[in-house]
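This report concerns only the one structure given below.
A short reminder: the numbers here are calculations on the coordinates, not readings from a lab. Given the structure is predicted, the values throughout are model-derived calculations rather than measurements. For neighbour counting, all protein chains shown are included, and Cβ atoms are generated from backbone atoms with ideal geometry for every residue, glycine included.
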Amino acid sequence: MAKYSSADYDIKVDATDGGALQSMKDHIDTIAGWKITRLLEESTTVGDSWAEQLYSGIRRAEPFTVEGLYDDTATTGPNATFNGTHAATRTVELTFGGTKKSTFEAWFEDFGRIYATGKLTRYRVTIVPTGAVVEA
């Protein structure tokens, strides 16, 4: 079984609504919470001594956060890519280990700058996937 490090990971997004995908790897140092959930419904009946769950047939990609050093480069930095008013979803492509990819549409729900004395300014964005995730 292969093992992978952060060097084997990439995240690409379309920098503008419907634009070409661009790598954000050089601007990100933390991706927290990427997961796909199967929606379950409790099916415990009277007399059961343990809770039971049934799969509803629907999956959901959960919101996750991305963080890194803040960069306000006009067209390629995280401020230009993640911040601003977008009237449409954006395409996101996550690459794991060089070949495994998850591609989906998402909203950039919020974008914040993180200030701390004696430290470089950071940013955090919450990415909210919507619709199907294509796994390749």
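Among the lysines of the chain, pairs at least eight places apart or on separate chains and with Cα atoms under 28 Å apart come to 16.
For a quick check of your reading of the filter: which trypsin sites (Lys or Arg not before Pro) in the range 1-66 sit in a DSSP loop and have no more than 13 other Cβ atoms within 10 Å? Sites meeting the loop and neighbour criteria: Lys3, Lys35. If you wrap the chain in the convex hull of its Cα atoms and look at it from every side, the mean projected area works out to 12.3 nm².
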